[in-house]
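What follows is a set of notes on a single structure, which appears directly below.
Every number here is computed from the coordinates shown, using simple stated rules; none is lab data. Computed from a predicted structure; not experimentally measured. So basically every Cβ, Gly included, is an ideal-geometry build from the backbone, and we count neighbours across all protein chains shown.
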Amino acid sequence: MIRKLFDIIAGNAVPAVFIIISAFAIPLSGYSASYLIQELLTRIGRNSFLILSLLIPIMAGMGLNFGMVLGAMAGQIGLLFICDWGIVGIPGMLLACLIGTPIAIVLGIFCGAVMNRAKGREMVTSYILGFFINGVYQMTVLYLMGWIIPITNPALLLSRGYGVRNAVSLLGIRGILDNLIPAIITGTQGAGQFFSVQGGNAFVMIQLPFLEGSIRIPLATLIVIALFCVFIVWFRKTKLGQDMRAIGQNQAVADSAGIPVNRTRIIAIVISTVLACYGQIIYLQNMGTLNTYNSHDQAGMFSIAALLIGGASVSRASIANVFVGVILFHLMFIVAPMAGKNLIGEAQIGEYFRVFVSYGIIAIALVLHAWKRNREREAARRSLRGNKGGE
Amino acid sequence: MSDNNNNAPLLRLEHIGKEFYGNRVLSDISFDIRAGEIIGLVGENGAGKSTLLNILFGMPVISSTGGHEGVMFIDGRKVNFTSPNQALAHGIGMVHQEFSLIPGFTATENILLNREVLNGSTMSYVFSDRVSTLDRQAMNERARAAINTLGVNISPYMTVSEMPVGYKQFIEIAREIDRKNTRLLFLDEPTAVLTETEAEILLIALNKLARSGIAIVFISHRLSEVKELCSRVIILRDGRLITDQKAEELTTRQIASLMVGRESERREVPQEIPEAPVEPDNVNYTLSPSPKKKKKKIKPALKVDHLWVDMPGETVRDVSFEVKKGEIFGIGGLAGHGKLGIPNGIMGLYPAGGSVRLSGRKLTLNKPRAALGRKMAFVSEDRRGVGLLLDEPLDWNITFTAMQTQGRFLIGIPYIFQIRNEHAMRKEAKKFIDQLEIRCTGPHQKAGELSGGNQQKVCLAKAFVLRPDVLLICEPTRGIDVGAKTLVLDTLRNYNKENGTTIIITSSELEELRSVCDRVAIVDEGRIAGILPASSPAEEFGMLMMGEKMRVALAATE
């Protein structure tokens, strides 16, 4: 009984700690509810897709896919091309996805094949593989683009004539998905303000009289994310999903039952990489600028940190973990700098917190995972002995 | 079951044999299995059971080592399996000793693993069947049907990790039954993990299965179960088929003696070596009902009470015994029953509990250092892994433990500055190289370069250097040739005689134990089945190994 209670607490310790921190930090920051909700909605739209792309490899027992940065790079290459060709709006986004997909598939197959040779060490392998592919990506973008790969738009190229600039403006697709279906929640006095700013009509408008200010909802993005969730739910019910669950729990048994283990693992990574590619495109259309050499860097780290904060573990993650994680992780990012400033006059504590927390939480999750596995192994050994004999 | 050819047996083996690298493990095995038959397959470790199964299932280990001799027929047609999938396709199923179930899956999901019932969908035409969703309801029904065939009541929705061990066994069997074409089922020690009631239910279920026409090969070391369940018993020994008889024609005692072989004519063997310095009453220590038995005067060198050890594959459940000072005590039993776990647990190499007293004083468990500090020495069964530093020279290997735990072979001030005394190390190594006739180029040769027998001698030397009071040795002759075997055993015997050291030998080779030891304990399923004087007839030991209880063995001696 006590052990059960302990297990429940231990299982949800991470989200609990974040809820407590937020509960203190929100009033300290002094932000209004509408501001917080606006920020959160934006960030949910921006990040959820990337985080959701992590779920399938976890199901297949491959741990946290640090290799998702490969997909992010593929997405960025797609974006660079549409910027060069000047294709804007939704067609631009779709074209970027179209270009990114084959690159992501190839990278995913490569990543999966490497991971099949490093079974049991998938996470560190994919992490290092991320660095390696980053090198290839930088070489492509910095030397080949504009030289071998035709890039003509001078706004993209470095002044030397080849290589892409560090900051690329994505004005053509900025917010294009977020604002595809204009939606707004307004308080009474906020509505006029909104219309004057946007100068257009909201497709969906909800009025909440008690709300101060107005909140724009990235409705189309949220719909895409919802579709993705439906996909995952469906995927879990398929034979392929069932096979992945089986492999995730015991590769040897799955293999002896005739499930093609290596192939299925590669499929899991390919799906994850392709989805990460789309996720990165959605992320960047929200941001509006592409940091050619850095944008993908932190995509993996922050997504993984958010997922873990949502209560997921290396071997178990659900859709709920994604959203709880996104909300808690970003809530803390929003309020921590202001709370830090109001508390000790130092806004930088928020930035410090961001890095400290993301790396710390990943380290804790890995340690917890190892500890849990040891405990399970011990329990398995004990159960072999039967309940007779001492303990 | 076979409609077209009713006379042909389901499976016929003709002159099956197998050599591994010139080492014959199986020769001239021929027998038939008919539909609905239950056959008991028994044999000691190394009798060739697993090789036979590997051949039947077309395991890659057979084809990669040059195939096998003889031919197999199924329904009168010659077959030659090159992969387990072919055997499955011919309706041969196997339930392994270790569970191959997925813990987080329900009974249904496990029974239908990779044979799930799928909903048809248009997606499956575009991609493959793998994108079709599962038909949970149909799956549960099929699982329930398979479970019902066994006559047990297990919910198909139950998660395997939450099941008692016995249920898991049933799920494994249900999985094989669900395969529509299964006609021949091999069960490898299915009752080993079951409680008595569960085992009974299983036996009833198997009978029911056999009546439906499925032939069953039941591999077990529990002879009473074999006798109860099987219609025929096939006994293997040293790779040969010793007997293939109706079960009712054999008593469990006969089966045991046929299995162990070496009838009573060898009974005298151990008596040729009466040199062990033991008092007469030691010999019949546990079993003897002799009224003359004197009060024990000496404290036992080692007293083990309710020891349990979590050594993977060699679980010790509840073991108690006493070893007299100066005695050579043997621990025998089948592989996987925990005999290796006992010395490993006492030395603290695996998590252990219970109480171990060394000359009356309690020993701290789970700390190898504590055991070594109490003048115990250990020769591991894992010679190359635990026993030796393969890339280091012999003198290092021989003196290493003494240096680490007793601070010998060092010069300088303890705890402050110490260096190795190379000269003393070399001298000590040389002494043992001469004494044990270790074949090497000198104390500087690397341990990894020696042959198995000589490596074992190095391990012994390493233990002897510690000048132990109690010496624990696991599998002293495993993997070494016959000449070296005698030498190792003689060395142990002499060492015991000269120094009065208490020696505990754990070995799979019963004959070896009987020839060296004063008393031999037989371990069965993690417990001591009985302790007999080494001069007892081999079949007594055989009975104990086969899980026949103490009483039976005793009754037989009278």
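Dipole size of chain B about its Cα centre, with +1 on Lys/Arg Cβ and -1 on Asp/Glu Cβ: approximately 1800 debye, rounded to the nearest 20. Think of chain B as having a plus end and a minus end, set by charges on the Cβ of Lys, Arg, Asp and Glu; of B:GLY46, B:VAL117, B:VAL79, B:GLY46 sits farthest toward the positive end of this dipole.
Please report the antiparallel percentage of the DSSP beta bridges confined to chain B, to the nearest 5.
Details: 47 of 84 bridges.
If I count the DSSP bridges inside chain B, around 55 percent turn out antiparallel.
Going through the stretch B:380-474, which trypsin sites (Lys or Arg not before Pro) have at most 14 other Cβ atoms within 10 Å and a DSSP loop state? Each step should come with its number before you reach the end.
Working: sites: B:ARG383, B:ARG384, B:ARG408, B:ARG420, B:ARG426, B:LYS427, B:LYS430, B:LYS431, B:ARG439, B:LYS446, B:LYS457, B:LYS462; in loops: B:ARG408, B:ARG439.
Sites meeting the loop and neighbour criteria: B:ARG439.
A cut-off of 5 Å between modelled amide H atoms, ignoring neighbours fewer than 5 places along the same chain, links B:PHE186 with B:GLY93, B:MET94, B:VAL95, B:VAL217. This ranking places B:PHE409, A:PHE228 by how few other beta-carbon atoms lie within 10 Å of each, fewest first, which gives A:PHE228, B:PHE409. For the protein assembly as shown, the antiparallel share of DSSP beta bridges with both residues in that region comes to about 55%.
Short-range pairs are left out: with C-alpha atoms under 8 Å and at least six residues apart, the relative contact order of chain B is 14 percent.
Normalised by the number of residues in the stretch B:427-538, the average gap of Cα pairs under 8 Å and 6 or more apart makes the relative contact order 18 percent. Summing +1 for each Lys or Arg and -1 for each Asp or Glu among the other residues whose beta-carbon sits under 13 angstrom from that of A:ARG265 gives +1. Projecting the Cα atoms of A:GLY172, A:GLY30, A:LEU64 onto the charge dipole of chain A (Cβ charges, centred on the Cα centre) puts A:LEU64 farthest toward the positive pole. For chain A, lysine pairs separated by 8 or more sequence positions, or belonging to different chains, with Cα-Cα distances below 30 Å total 9.
Net charge of the neighbourhood of B:GLY104, taken over other residues with C-beta under 12 Å away and scored Lys/Arg +1, Asp/Glu -1, is -1.
The GNM of chain A, with springs linking C-alpha atoms under 10 angstrom apart, assigns the highest mean-square fluctuation among A:MET338, A:MET123, A:MET205 to A:MET205.
Sequentially through the stretch A:97-104, phi angles give Karplus couplings (6.51, -1.76, 1.60; θ = phi - 60°) of 4, 5, 6, x, 4, x, 4, 5 Hz, Gly and Pro residues having no value and appearing as x.
Over the residues of chain B, the helix contribution to mean residue ellipticity at 222 nm works out to -9500 deg cm²/dmol, using -39500 (n - 2.57) for each DSSP H run of at least 4. Put simply, the amide H of B:VAL152, placed in the peptide plane, has no neighbours under 5 Å, leaving out anything fewer than 5 places away on its chain.
If you place +1 on the Cβ of every Lys and Arg and -1 on the Cβ of every Asp and Glu, how big does the dipole about the Cα centre of the protein assembly as shown come out, in debye to the nearest 20?
On the way: 98 positive and 82 negative charges, 360 e Å.
So the magnitude is around 1720 debye.
The H on the amide N of B:ILE214, modeled in the peptide plane, is under 5 Å from the matching H of B:GLY36, each at least 5 residues off or on a different chain.
If each residue of separation counts as 0.36 nm, what is the full-extension length gain between A:PHE24 and A:ILE364 once their alpha-carbon separation is subtracted?
Details: separation 340, 0.36 × 340 = 122.40 nm, distance 2.25 nm.
Stretched fully, the A:PHE24-A:ILE364 segment lengthens by 120.1 nm.
To the nearest ten degrees, helix B:482-499 and the longest principal axis of the Cα atoms of chain B are 50 degrees apart. Springs between alpha-carbon pairs under 10 angstrom, Gaussian network model over chain A: which of A:LEU208, A:LEU28, A:LEU64 fluctuates most? Top of the fluctuation ranking is A:LEU208.
What's the local net charge at B:GLY348, with K and R +1, D and E -1, over the other residues with C-beta under 13 Å away?
On the way: positive: B:LYS367, B:ARG369, B:ARG374; negative: B:ASP310.
Taking every Cβ under 13 Å from that of B:GLY348, the sum is +2.
If you restrict to DSSP beta bridges whose two residues both lie in chain A, what percentage is antiparallel, to the nearest 5? Walk me through the intermediate numbers first.
Working: 7 of 12 bridges.
Bridges in chain A are about 60 percent antiparallel.
As a footprinting exposure proxy, order B:TYR495, A:TYR137 by other Cβ within 10 Å, with the fewest listed first. Walk me through the intermediate numbers first.
Details: B:TYR495 20, A:TYR137 23.
Least crowded to most crowded, the residues run B:TYR495, A:TYR137.
Comparing A:GLU346, A:GLU39, A:GLU122 in a Gaussian network model of chain A where C-alpha atoms under 10 Å apart are linked, the largest mean-square fluctuation is found at A:GLU346. Taking every DSSP helix (H) stretch of at least 4 residues in chain A, weighting each as -39,500 (n - 2.57) and dividing the sum by the residue count yields a mean residue ellipticity at 222 nm of -23000 deg cm²/dmol. Our coupling estimate for the stretch A:106-120, obtained by passing each phi through the Karplus curve with A = 6.51, B = -1.76, C = 1.60 and θ = phi - 60°, is 4, 4, x, 4, 4, 4, x, 5, 5, 5, 5, 8, 10, 4, x Hz, Gly and Pro reported as x. Of the cross-linked pairs B:LYS367/B:LYS446; B:LYS49/B:LYS208; B:LYS299/B:LYS462; B:LYS49/B:LYS324, those separated by over 32 Å at the C-alpha level are B:LYS49/B:LYS324. Extending 7 Å from Cα along the Cβ direction at A:TRP234 and again at A:ARG382 yields two label points whose distance is 4.5 nm. Using θ = phi - 60° in the Karplus curve 6.51 cos²θ - 1.76 cosθ + 1.60, the 3J(HN,Hα) couplings for the stretch B:423-432 round to 4, 5, 4, 5, 4, 4, 4, 4, 4, 6 Hz; x is entered for Gly and Pro.
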